[in-house]
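Taking it in order: structure first as structure tokens, then the write-up.
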């Protein structure tokens, strides 16, 4: 039994249906832990502390996103297209993670010494800077490893790492809260330790899969950079769309407003993880279908898109209906103002987030330019609207900015996707058969659970 579980865990031959279900199940578990963690942090840190924590974890995430050179996209692409180069790809990953973390940690240390971090310096200390610097290597290597596992279709192993991160962070926060020692520093320390353990586990896993080498191939690395460069600006722009409002809120409105808005944002990001997870499961299969089997993956992509839209829309609707009561009850009355921003963001995610599923086929066909151009335009729109709306409308203005930029991105990408693969826009609209397919899948899972109990 143990050997069978081990083989399934290390298998790279999981099918699309099973990988999609596994991704959704993992995401539900991760969602649960992240949700409880956000409640613990909100209850213990209160709005101002929650805002400072949001900025603390956002700083290394921003540095990683702006400085990863687009390699996560190229790693997935090359891993799926050239599985025989697995060890060399990971050697390059290790090399890049080390070099880039050294460069950026040096830069942020100099910026801190020269008071170049602006309002962030108000609550940053050298202790925070040290943890941020070290965490950069963890972030680079773990995300590069996740991209490799995705490309190689090691979905169970990839999902276990994500589950492990959420579980450990929850356990740490829960323990610190029980003993009455959960402050801003303790919360950030838990985030740092979690990333470090995730990095160690990723290294162990790659060694177990015999996919890790310490001899980089610079010619392959150069090719990776060329491919990554095509999608790099899309990644950066996408990050700006999702995160610029946090920084601008901190600048214009301070810690408390940032903390209140961070609750709405974190809940909407959890909703966004539904299409992201499904897209991750779809990508390696579309790559195999179109590059190995030489078949058209459009029909499969369209079906998955419609099903994703139904699921995401249903969850968003439930969240919007229950938000007014549940947010105040669970997070506390101090965070009551996050209700309306969450409602707006949930609607925005439903419009724009499901387009991630279409990215799977666009990326498989090397059509990186579509998302790059649209993300760049949407990011500019987002920043301009945030600057105009946040000073006057605060957190609601930030949410409205996201709604406009998400909506533009999602609707326009849907149109350009249809033009690229030569299908009709009406094929993106869910129909009766799609709702029936969701119902059949649900019935199948109920039957599976019943059989398991017998």
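Coordinate-derived values only; no laboratory data. These numbers come from a predicted model, not from an experiment. Virtual Cβ from ideal backbone geometry, glycine too; neighbours counted across all protein chains shown.
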Taking every alpha carbon pair in segment 139-222, what does the distance histogram look like in 5 angstrom bins from 0, in percent? 3, 13, 21, 20, 14, 11, 8, 6, 3, 1, 0
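Using a Förster distance of 35 Å, how high is the FRET efficiency between residue 85 and residue 329, based on the Cβ-Cβ distance and rounded to 0.05?
Details: r = 52 Å, r/R0 = 1.48.
The pair residue 85/residue 329 has a calculated efficiency of 0.10.
State the extension gain, in nm to one decimal, for the chain segment bounded by residue 25 and residue 317, taking 0.36 nm per residue of separation less the distance between their alpha-carbons.
Numbers: separation 292, 0.36 × 292 = 105.12 nm, distance 2.00 nm.
This chain segment gains 103.1 nm when fully extended.
Grab the DSSP H runs of the chain that are 4 residues or longer, score each as -39,500 (n - 2.57), total them, divide by all residues and round the 222 nm result to the nearest 500 deg cm²/dmol.
On the way: 14 runs with 377 residues, N = 454.
After summing the helix terms and dividing by residue count, I get -29500 deg cm²/dmol.
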Packing rank of 408-420, 257-269, 131-143, where each peptide gets the mean count of other beta carbons within 10 Å, highest leading: 257-269, 131-143, 408-420
Over the Cα atoms of segment 2-442, what radius of gyration and what Dmax do you get, in Å? 21.1, 61
P(r) for segment 352-396, please, calculated from all Cα pair distances in 10 Å bins and given in %. 24, 37, 24, 14, 1
Full-extension gain in nm, residue 111 to residue 215, via 0.36 nm per residue minus C-alpha separation: 34.1 nm
Sorting check: for 202-212, 393-403, which peptide has the highest mean count of neighbouring beta carbons within 10 Å, and how do the rest follow? 393-403, 202-212
Spatial separation of Cα centroids for segment 223-274 and segment 61-99, in angstrom: 21 Å
Exposure proxy check on 376, 317: fewest-to-most Cβ neighbours within 10 Å is 317, 376
Largest first and in whole Å, what are the equivalent-ellipsoid semi-axes of segment 271-329 based on the Cα gyration tensor, each being the root of 5 times an eigenvalue? 34, 11, 4
